[in-house]
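Here is the structure we will look at.
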Amino acid sequence: MSRSGQLDDERASWSAVTRLVHAGDSDEARLGFAARSVNPPVQRASTVVLPDAASLYGNDHPTYGRAGLGVQASLEAALCELEGAVAAKLFSSGAAAITAALMTVLSAGDDVLVSAGAYAPTRRFCDGMLARFGVRTRYFAPSASSAEVLAMIDGRTRAIFLESPASLTFELQDVPAIAAGARARSVLTLIDNTWGAGVLFRPLEHGVDLSIQALTKYASGGSDVFMGSVAVRDPKLGERLLQTVWDTGWAVSPDDCYTVLRSLRTLPLRLARHGASALEVAQWLAVQPEVAQMLCPALPGSPHHALWTRDFTGTNGLFGLVLKPGPPRGADAFLDALQLFMLGFSWGGFESLAVSGDPQVRNPSRGWRADGALMRLHVGLEAPQDLIGDLRRGLDAFTAACHQA
Ligand SMILES: Cc1ncc(COP(=O)(O)O)c(C=O)c1O
(Lines give C-alpha, C1' and ligand atoms only; values in the text may rest on other atoms or scores of the structure.)
Protein backbone atom coordinates (compact mmCIF):
# COMPACT_ATOMS: atom_id res chain seq x y z
CA MET A 1 0.00 0.00 0.00
CA SER A 2 1.27 3.55 -0.81
CA ARG A 3 2.37 5.89 1.97
CA SER A 4 -0.70 8.11 1.49
CA GLY A 5 -3.01 5.04 1.45
CA GLN A 6 -1.59 3.94 4.80
CA LEU A 7 -2.09 7.46 6.19
CA ASP A 8 -5.73 7.50 5.04
CA ASP A 9 -6.36 4.30 7.01
CA GLU A 10 -4.78 5.79 10.11
CA ARG A 11 -6.52 9.18 10.01
CA ALA A 12 -9.46 8.04 12.13
CA SER A 13 -7.15 7.22 15.04
CA TRP A 14 -5.46 10.68 15.07
CA SER A 15 -6.25 13.41 17.55
CA ALA A 16 -8.24 16.45 16.35
CA VAL A 17 -5.16 18.67 16.07
CA THR A 18 -3.27 16.19 13.86
CA ARG A 19 -6.36 15.73 11.68
CA LEU A 20 -6.55 19.51 11.22
CA VAL A 21 -2.84 19.78 10.31
CA HIS A 22 -3.30 17.13 7.61
CA ALA A 23 -6.87 17.98 6.57
CA GLY A 24 -7.38 17.76 2.79
CA ASP A 25 -3.90 16.47 1.97
CA SER A 26 -4.20 13.61 -0.46
CA ASP A 27 -2.22 12.80 -3.59
CA GLU A 28 -5.22 13.95 -5.63
CA ALA A 29 -5.29 17.31 -3.86
CA ARG A 30 -1.55 17.77 -4.37
CA LEU A 31 -1.38 16.82 -8.00
CA GLY A 32 -4.77 17.98 -9.25
CA PHE A 33 -7.95 15.94 -9.59
CA ALA A 34 -8.80 13.96 -12.71
CA ALA A 35 -10.48 17.01 -14.31
CA ARG A 36 -7.87 18.68 -16.52
CA SER A 37 -7.80 22.46 -16.63
CA VAL A 38 -6.53 24.36 -19.68
CA ASN A 39 -3.89 26.07 -17.57
CA PRO A 40 -1.33 24.39 -15.30
CA PRO A 41 -2.15 24.07 -11.60
CA VAL A 42 -0.38 26.57 -9.36
CA GLN A 43 1.65 24.55 -6.87
CA ARG A 44 2.50 26.80 -3.93
CA ALA A 45 5.27 24.73 -2.47
CA SER A 46 8.52 25.09 -0.67
CA THR A 47 8.30 21.48 0.52
CA VAL A 48 8.02 18.67 -1.97
CA VAL A 49 7.05 15.29 -0.49
CA LEU A 50 8.79 12.21 -1.86
CA PRO A 51 7.14 8.79 -2.20
CA ASP A 52 9.95 6.77 -0.57
CA ALA A 53 13.42 7.04 0.98
CA ALA A 54 15.19 6.19 -2.29
CA SER A 55 13.66 9.26 -3.98
CA LEU A 56 14.96 11.73 -1.37
CA TYR A 57 18.25 12.28 -3.16
CA GLY A 58 17.13 11.55 -6.74
CA ASN A 59 18.20 13.89 -9.54
CA ASP A 60 15.42 13.21 -12.04
CA HIS A 61 12.56 14.85 -10.12
CA PRO A 62 12.06 17.99 -7.99
CA THR A 63 12.95 17.47 -4.32
CA TYR A 64 12.48 21.08 -3.18
CA GLY A 65 10.32 23.91 -4.50
CA ARG A 66 12.87 26.69 -4.84
CA ALA A 67 13.91 26.07 -8.44
CA GLY A 68 10.26 25.86 -9.45
CA LEU A 69 7.58 23.23 -9.98
CA GLY A 70 4.81 22.78 -12.56
CA VAL A 71 3.83 26.34 -13.44
CA GLN A 72 7.44 27.56 -13.49
CA ALA A 73 8.28 24.66 -15.83
CA SER A 74 5.32 25.56 -18.07
CA LEU A 75 6.44 29.18 -18.30
CA GLU A 76 10.03 28.15 -19.00
CA ALA A 77 8.81 25.85 -21.79
CA ALA A 78 6.71 28.67 -23.26
CA LEU A 79 9.75 30.99 -23.17
CA CYS A 80 11.86 28.35 -24.95
CA GLU A 81 9.20 28.37 -27.67
CA LEU A 82 9.20 32.18 -27.81
CA GLU A 83 12.98 32.54 -27.92
CA GLY A 84 13.86 29.41 -29.93
CA ALA A 85 15.84 28.23 -26.89
CA VAL A 86 16.67 24.84 -25.37
CA ALA A 87 16.62 26.19 -21.81
CA ALA A 88 15.12 29.23 -20.11
CA LYS A 89 15.41 30.21 -16.46
CA LEU A 90 13.22 32.58 -14.48
CA PHE A 91 14.29 35.34 -12.10
CA SER A 92 12.43 37.61 -9.71
CA SER A 93 12.87 40.71 -11.94
CA GLY A 94 14.43 41.77 -15.20
CA ALA A 95 17.34 43.29 -13.28
CA ALA A 96 17.89 39.96 -11.47
CA ALA A 97 17.93 38.12 -14.82
CA ILE A 98 20.60 40.53 -16.13
CA THR A 99 22.83 40.15 -13.08
CA ALA A 100 22.35 36.36 -13.06
CA ALA A 101 23.34 36.09 -16.72
CA LEU A 102 26.48 38.16 -16.15
CA MET A 103 27.40 36.17 -13.04
CA THR A 104 26.92 32.93 -14.96
CA VAL A 105 29.46 33.76 -17.64
CA LEU A 106 32.05 35.94 -15.82
CA SER A 107 34.78 35.20 -13.27
CA ALA A 108 37.38 37.26 -11.43
CA GLY A 109 39.99 38.63 -13.82
CA ASP A 110 37.63 38.68 -16.83
CA ASP A 111 36.78 41.67 -18.97
CA VAL A 112 33.26 42.44 -20.25
CA LEU A 113 32.36 44.89 -23.01
CA VAL A 114 29.03 46.62 -22.34
CA SER A 115 26.93 48.98 -24.43
CA ALA A 116 26.92 52.43 -22.82
CA GLY A 117 23.27 52.50 -23.87
CA ALA A 118 22.37 49.59 -21.57
CA TYR A 119 19.69 50.02 -18.88
CA ALA A 120 21.25 52.11 -16.09
CA PRO A 121 21.04 49.42 -13.34
CA THR A 122 22.92 47.02 -15.66
CA ARG A 123 25.79 49.49 -15.83
CA ARG A 124 25.58 50.13 -12.08
CA PHE A 125 25.93 46.39 -11.44
CA CYS A 126 28.98 46.23 -13.73
CA ASP A 127 30.65 49.28 -12.17
CA GLY A 128 29.86 48.25 -8.60
CA MET A 129 29.33 44.57 -7.89
CA LEU A 130 31.28 43.12 -10.83
CA ALA A 131 34.20 45.47 -10.15
CA ARG A 132 34.22 44.35 -6.48
CA PHE A 133 34.48 40.75 -7.66
CA GLY A 134 37.42 41.52 -9.95
CA VAL A 135 35.65 41.82 -13.31
CA ARG A 136 36.66 44.76 -15.52
CA THR A 137 33.95 46.55 -17.56
CA ARG A 138 34.64 48.65 -20.64
CA TYR A 139 31.90 50.53 -22.48
CA PHE A 140 31.26 51.10 -26.17
CA ALA A 141 28.93 53.75 -27.63
CA PRO A 142 25.43 52.39 -28.35
CA SER A 143 25.87 53.32 -32.03
CA ALA A 144 29.36 51.77 -32.33
CA SER A 145 29.85 49.64 -35.45
CA SER A 146 30.46 45.91 -35.14
CA ALA A 147 34.10 46.47 -36.19
CA GLU A 148 34.56 49.06 -33.42
CA VAL A 149 33.07 46.73 -30.80
CA LEU A 150 35.06 43.68 -31.92
CA ALA A 151 38.29 45.71 -32.02
CA MET A 152 37.95 46.24 -28.25
CA ILE A 153 38.25 42.50 -27.50
CA ASP A 154 41.50 41.68 -25.70
CA GLY A 155 42.96 38.60 -24.01
CA ARG A 156 40.75 39.06 -20.91
CA THR A 157 37.44 39.63 -22.72
CA ARG A 158 34.95 36.85 -22.00
CA ALA A 159 31.62 38.50 -22.87
CA ILE A 160 29.89 41.33 -24.73
CA PHE A 161 26.64 42.73 -23.33
CA LEU A 162 24.29 44.31 -25.88
CA GLU A 163 21.04 46.18 -25.64
CA SER A 164 19.42 47.03 -28.96
CA PRO A 165 17.64 49.40 -29.22
CA ALA A 166 19.47 51.24 -26.44
CA SER A 167 17.52 52.34 -23.37
CA LEU A 168 16.09 55.86 -23.84
CA THR A 169 18.03 56.84 -26.97
CA PHE A 170 17.11 53.85 -29.19
CA GLU A 171 20.34 53.35 -31.18
CA LEU A 172 20.57 49.88 -32.79
CA GLN A 173 23.58 47.60 -32.91
CA ASP A 174 24.50 45.20 -35.69
CA VAL A 175 23.77 42.26 -33.41
CA PRO A 176 24.37 39.39 -35.91
CA ALA A 177 27.78 40.81 -36.93
CA ILE A 178 28.88 41.36 -33.31
CA ALA A 179 27.65 37.88 -32.30
CA ALA A 180 29.44 36.19 -35.22
CA GLY A 181 32.70 38.10 -34.60
CA ALA A 182 32.57 37.39 -30.88
CA ARG A 183 31.92 33.68 -31.42
CA ALA A 184 34.91 33.47 -33.77
CA ARG A 185 37.02 34.84 -30.90
CA SER A 186 35.43 32.53 -28.23
CA VAL A 187 33.68 35.48 -26.58
CA LEU A 188 30.06 35.03 -25.42
CA THR A 189 27.34 37.55 -26.29
CA LEU A 190 24.43 38.53 -24.05
CA ILE A 191 21.57 40.83 -24.96
CA ASP A 192 18.87 42.62 -23.00
CA ASN A 193 16.04 41.79 -25.42
CA THR A 194 13.22 43.36 -23.42
CA TRP A 195 12.34 45.70 -26.33
CA GLY A 196 12.25 42.86 -28.90
CA ALA A 197 10.37 40.63 -26.42
CA GLY A 198 11.16 37.48 -28.42
CA VAL A 199 8.48 38.42 -30.96
CA LEU A 200 9.99 41.42 -32.75
CA PHE A 201 13.56 40.10 -32.43
CA ARG A 202 14.84 36.58 -31.69
CA PRO A 203 18.48 37.06 -30.65
CA LEU A 204 19.40 33.36 -30.38
CA GLU A 205 18.60 32.96 -34.09
CA HIS A 206 21.01 35.83 -34.77
CA GLY A 207 23.87 34.04 -32.99
CA VAL A 208 23.59 35.61 -29.52
CA ASP A 209 24.36 33.19 -26.65
CA LEU A 210 22.13 34.51 -23.85
CA SER A 211 18.84 36.36 -24.45
CA ILE A 212 17.54 38.25 -21.43
CA GLN A 213 14.10 39.76 -20.96
CA ALA A 214 12.41 41.80 -18.28
CA LEU A 215 9.13 39.87 -18.42
CA THR A 216 7.86 42.70 -16.21
CA LYS A 217 7.29 44.67 -19.42
CA TYR A 218 5.47 43.30 -22.51
CA ALA A 219 5.40 39.62 -21.53
CA SER A 220 3.35 40.49 -18.46
CA GLY A 221 1.63 43.50 -19.99
CA GLY A 222 -0.32 44.30 -16.82
CA SER A 223 2.12 46.54 -14.92
CA ASP A 224 1.55 44.42 -11.82
CA VAL A 225 4.31 41.80 -11.66
CA PHE A 226 8.13 41.62 -11.66
CA MET A 227 9.94 38.83 -13.48
CA GLY A 228 12.91 38.21 -15.75
CA SER A 229 14.20 35.39 -17.93
CA VAL A 230 17.41 34.20 -19.52
CA ALA A 231 17.16 31.89 -22.53
CA VAL A 232 19.97 29.93 -24.18
CA ARG A 233 20.49 27.51 -27.05
CA ASP A 234 23.55 25.72 -25.71
CA PRO A 235 22.50 23.03 -23.17
CA LYS A 236 25.82 23.48 -21.30
CA LEU A 237 25.04 27.17 -20.79
CA GLY A 238 21.59 26.08 -19.61
CA GLU A 239 23.21 23.87 -16.96
CA ARG A 240 25.46 26.74 -15.85
CA LEU A 241 22.41 29.01 -15.55
CA LEU A 242 20.58 26.43 -13.44
CA GLN A 243 23.64 26.18 -11.22
CA THR A 244 23.53 29.98 -10.76
CA VAL A 245 19.88 29.71 -9.72
CA TRP A 246 20.73 27.06 -7.12
CA ASP A 247 23.89 28.74 -5.86
CA THR A 248 22.34 32.18 -5.45
CA GLY A 249 19.05 30.91 -4.01
CA TRP A 250 16.80 32.91 -6.36
CA ALA A 251 13.19 31.73 -6.53
CA VAL A 252 10.12 32.89 -8.44
CA SER A 253 6.58 32.74 -7.10
CA PRO A 254 4.17 30.33 -8.83
CA ASP A 255 1.41 32.95 -8.72
CA ASP A 256 3.61 35.42 -10.60
CA CYS A 257 4.53 32.71 -13.12
CA TYR A 258 0.87 31.96 -13.66
CA THR A 259 0.18 35.66 -14.28
CA VAL A 260 3.01 35.97 -16.81
CA LEU A 261 2.11 32.71 -18.59
CA ARG A 262 -1.50 33.88 -18.89
CA SER A 263 -0.34 37.14 -20.50
CA LEU A 264 2.25 35.52 -22.74
CA ARG A 265 -0.55 33.93 -24.81
CA THR A 266 -1.64 37.37 -26.03
CA LEU A 267 1.83 38.92 -26.39
CA PRO A 268 1.95 38.99 -30.23
CA LEU A 269 -1.55 40.50 -30.44
CA ARG A 270 -0.79 43.20 -27.89
CA LEU A 271 2.57 44.02 -29.49
CA ALA A 272 0.94 44.42 -32.91
CA ARG A 273 -1.53 46.93 -31.47
CA HIS A 274 1.13 48.80 -29.45
CA GLY A 275 3.35 48.96 -32.55
CA ALA A 276 0.65 50.19 -34.96
CA SER A 277 -0.50 52.88 -32.53
CA ALA A 278 3.08 53.95 -31.73
CA LEU A 279 3.89 54.34 -35.41
CA GLU A 280 0.81 56.51 -35.91
CA VAL A 281 1.71 58.68 -32.91
CA ALA A 282 5.40 58.87 -33.91
CA GLN A 283 4.54 59.89 -37.50
CA TRP A 284 2.36 62.69 -36.12
CA LEU A 285 5.04 63.84 -33.66
CA ALA A 286 7.72 63.85 -36.36
CA VAL A 287 6.03 66.78 -38.14
CA GLN A 288 5.16 68.89 -35.09
CA PRO A 289 7.08 72.19 -34.91
CA GLU A 290 8.05 71.66 -31.23
CA VAL A 291 9.85 68.36 -31.98
CA ALA A 292 13.54 68.48 -32.96
CA GLN A 293 14.21 64.76 -33.43
CA MET A 294 12.43 61.42 -33.25
CA LEU A 295 14.20 58.42 -31.71
CA CYS A 296 12.14 55.65 -33.26
CA PRO A 297 13.98 53.10 -35.40
CA ALA A 298 10.74 52.03 -37.12
CA LEU A 299 10.28 55.51 -38.63
CA PRO A 300 11.63 55.65 -42.20
CA GLY A 301 14.56 58.05 -42.37
CA SER A 302 15.48 57.66 -38.69
CA PRO A 303 19.02 56.60 -37.73
CA HIS A 304 19.45 52.81 -37.86
CA HIS A 305 16.17 52.30 -39.75
CA ALA A 306 17.98 49.99 -42.22
CA LEU A 307 19.24 47.73 -39.39
CA TRP A 308 15.76 47.71 -37.87
CA THR A 309 14.16 46.68 -41.18
CA ARG A 310 16.75 43.93 -41.64
CA ASP A 311 16.58 42.38 -38.15
CA PHE A 312 13.19 43.19 -36.59
CA THR A 313 9.75 41.91 -37.58
CA GLY A 314 7.89 44.90 -36.13
CA THR A 315 7.92 47.66 -33.57
CA ASN A 316 6.36 48.12 -30.13
CA GLY A 317 4.98 51.06 -28.15
CA LEU A 318 8.27 52.48 -26.85
CA PHE A 319 10.21 55.31 -28.51
CA GLY A 320 11.85 58.63 -27.73
CA LEU A 321 11.89 62.19 -28.98
CA VAL A 322 13.90 65.35 -28.44
CA LEU A 323 12.05 68.64 -27.96
CA LYS A 324 13.29 71.84 -29.57
CA PRO A 325 15.62 73.78 -27.24
CA GLY A 326 13.60 75.62 -24.60
CA PRO A 327 13.79 76.87 -21.02
CA PRO A 328 14.40 74.27 -18.25
CA ARG A 329 10.74 74.60 -17.26
CA GLY A 330 9.61 73.71 -20.82
CA ALA A 331 10.16 69.95 -20.53
CA ASP A 332 8.33 69.78 -17.20
CA ALA A 333 5.48 71.86 -18.62
CA PHE A 334 5.13 69.31 -21.46
CA LEU A 335 5.01 66.36 -19.04
CA ASP A 336 2.77 68.06 -16.48
CA ALA A 337 0.13 68.92 -19.10
CA LEU A 338 -0.29 65.27 -20.16
CA GLN A 339 -3.33 63.47 -18.80
CA LEU A 340 -3.70 60.19 -20.71
CA PHE A 341 0.07 59.63 -20.67
CA MET A 342 0.84 59.04 -16.99
CA LEU A 343 4.30 59.80 -15.64
CA GLY A 344 6.07 56.58 -14.72
CA PHE A 345 9.31 54.71 -15.37
CA SER A 346 8.10 51.36 -16.60
CA TRP A 347 6.70 50.32 -19.98
CA GLY A 348 5.12 47.35 -21.74
CA GLY A 349 1.80 47.59 -19.90
CA PHE A 350 -1.60 48.52 -21.33
CA GLU A 351 -1.21 52.15 -20.27
CA SER A 352 0.59 55.05 -21.93
CA LEU A 353 3.51 56.52 -19.99
CA ALA A 354 5.98 59.38 -20.36
CA VAL A 355 9.29 60.23 -18.68
CA SER A 356 12.10 62.71 -19.24
CA GLY A 357 15.39 60.95 -19.96
CA ASP A 358 18.22 63.46 -19.63
CA PRO A 359 19.30 62.60 -16.05
CA GLN A 360 19.89 59.00 -17.17
CA VAL A 361 22.02 59.59 -20.28
CA ARG A 362 24.75 61.82 -18.87
CA ASN A 363 27.42 59.09 -18.71
CA PRO A 364 30.25 60.33 -20.97
CA SER A 365 30.83 56.94 -22.68
CA ARG A 366 27.31 57.16 -24.07
CA GLY A 367 28.18 60.14 -26.28
CA TRP A 368 24.62 61.53 -26.13
CA ARG A 369 24.34 65.14 -27.29
CA ALA A 370 21.13 67.09 -27.92
CA ASP A 371 20.20 70.72 -27.38
CA GLY A 372 16.61 69.96 -26.36
CA ALA A 373 15.05 67.74 -23.68
CA LEU A 374 14.96 63.96 -24.18
CA MET A 375 11.55 62.33 -23.63
CA ARG A 376 10.55 58.65 -23.67
CA LEU A 377 6.97 57.69 -24.48
CA HIS A 378 5.25 54.36 -24.10
CA VAL A 379 2.18 54.15 -26.32
CA GLY A 380 -0.37 51.94 -24.60
CA LEU A 381 -3.54 50.31 -25.88
CA GLU A 382 -5.64 53.50 -25.91
CA ALA A 383 -6.90 54.86 -29.25
CA PRO A 384 -4.05 56.72 -31.00
CA GLN A 385 -6.16 59.81 -31.78
CA ASP A 386 -6.81 60.31 -28.05
CA LEU A 387 -3.09 60.01 -27.34
CA ILE A 388 -2.30 62.52 -30.10
CA GLY A 389 -4.78 64.96 -28.55
CA ASP A 390 -3.02 64.54 -25.20
CA LEU A 391 0.42 65.13 -26.75
CA ARG A 392 -0.88 68.28 -28.50
CA ARG A 393 -1.89 69.58 -25.05
CA GLY A 394 1.64 68.84 -23.79
CA LEU A 395 3.32 70.53 -26.76
CA ASP A 396 1.08 73.62 -26.34
CA ALA A 397 2.17 73.82 -22.70
CA PHE A 398 5.81 73.53 -23.82
CA THR A 399 5.30 76.41 -26.30
CA ALA A 400 3.61 78.54 -23.63
CA ALA A 401 6.57 77.93 -21.26
CA CYS A 402 8.99 78.95 -24.06
CA HIS A 403 7.08 82.22 -24.57
CA GLN A 404 7.07 82.99 -20.85
CA ALA A 405 10.82 82.50 -20.55
C1 LIG B 1 15.58 47.54 -20.96
C2 LIG B 1 15.25 47.11 -19.56
N3 LIG B 1 15.85 46.01 -19.08
C4 LIG B 1 15.62 45.58 -17.84
C5 LIG B 1 14.74 46.25 -17.00
C6 LIG B 1 14.57 45.76 -15.59
O7 LIG B 1 13.35 45.14 -15.40
P8 LIG B 1 12.79 44.96 -13.93
O9 LIG B 1 12.14 46.26 -13.56
O10 LIG B 1 11.84 43.82 -14.03
O11 LIG B 1 13.93 44.66 -13.03
C12 LIG B 1 14.10 47.40 -17.46
C13 LIG B 1 13.20 48.15 -16.58
O14 LIG B 1 12.79 49.26 -16.86
C15 LIG B 1 14.37 47.85 -18.77
O16 LIG B 1 13.82 48.97 -19.26
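The values are calculated or read from the model by the stated rules, or taken from the named source; none is laboratory data. Please read all numbers here as calculations on a predicted model, not as lab measurements. Cβ placement follows ideal geometry from the backbone for every residue including glycine, while neighbour counts extend to all protein chains displayed. Ligands, DNA and RNA are stripped out before the accessible areas are found, and what is left, the full protein with its side chains, is counted by its heavy atoms. Shrake-Rupley method; radii C 1.70, N 1.55, O 1.52, S 1.80 Å.
Quick notes on this structure:
- Of the helices (runs of 4 or more DSSP H) lying entirely inside segment 1-86, those containing at least 2 residues that are closer than 30 Å to Asp234 by Cβ and at pLDDT 90 or above span 70-83.
- Output for segment 346-405, where each listed residue is farther than 20 Å from Tyr119 by Cβ and small (Gly, Ala, Ser): Ser352, Gly372, Ala373, Gly380, Ala383, Gly389, Gly394, Ala397, Ala400, Ala401, Ala405
- Among the residues of segment 56-69, those that are touching a helix residue (DSSP H, G or I) at 6+ places or on another chain (Cβ under 8 Å) and either within 15 Å of Val42 (Cβ to Cβ) or loosely packed, with under 14 Cβ neighbours inside 10 Å (or both) comprise His61, Gly68, Leu69.
- The set of residues from segment 106-122 being within 20 Å of the chain's Cα centre (by Cα) and open to solvent by 10 Å² or more (accessible area, probe 1.4 Å) comprises Tyr119, Ala120, Pro121.
- Scanning segment 279-295 for any residue that is outside any helix (DSSP H, G or I), more than 17 Å from the chain's Cα centre (by Cα) and within 16 Å of the ligand (Cβ to nearest atom) turns up at least one such residue.
- Some residue of segment 344-362 being surrounded by 20 or more Cβ atoms within 10 Å (Cβ to Cβ), in contact (Cβ under 8 Å) with a residue 60 or more places away in the chain, of a type in the set (A, V, I, L, M) and in contact with a helix residue (DSSP H, G or I) (Cβ under 7 Å, 6 or more places away or on another chain): no
- Conditions (1) polar (S, T, N, Q); (2) in contact with a Leu (Cβ under 8 Å, 6 or more places away or on another chain); (3) free of Cβ contacts under 8 Å to residues at least 24 places away in the same chain: number failed by Gln385: (2)
- Scanning segment 239-257 for residues that are in a helix (DSSP H, G or I) and open to solvent by less than 50 Å² (accessible area, probe 1.4 Å) gives Leu241, Thr244, Val245, Pro254, Cys257.
- Filter pass, Gly84 being more than 16 Å from the ligand (Cβ to nearest atom), open to solvent by less than 70 Å² (accessible area, probe 1.4 Å), more than 22 Å from the chain's Cα centre (by Cα) and more than 23 Å from Thr259 (Cβ to Cβ): no
- Subset of segment 91-116 (residues that are within 12 Å of the ligand (Cβ to nearest atom) and either under 12 Å from Ala214 (Cα atoms) or among the polar types (S, T, N, Q) (or both)): Phe91, Ser92, Ser93, Gly94, Ala95, Ala96, Ala97, Ile98, Thr99, Ser115
Yes or no, residue by residue, for (1) assigned to a strand (DSSP E or B); (2) assigned by TED's automatic domain parsing to the domain that holds Trp308; (3) within 16 Å of the ligand (Cβ to nearest atom); (4) in contact with an Asp or Glu (Cβ under 7 Å, 6 or more places away or on another chain):
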position: Ala118; (1), (2), (3), (4): no, no, yes, yes
position: Pro142; (1), (2), (3), (4): no, no, yes, yes
position: Ile160; (1), (2), (3), (4): yes, no, no, no
position: Leu204; (1), (2), (3), (4): no, no, no, yes
position: Ala219; (1), (2), (3), (4): no, no, yes, no
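- Only one of the numbered conditions (1) of a type in the set (Phe, Trp, Tyr); (2) touching a strand residue (DSSP E or B) at 6+ places or on another chain (Cβ under 8 Å); (3) surrounded by fewer than 16 Cβ atoms within 10 Å (Cβ to Cβ) is not met by Phe398, and that is (3).
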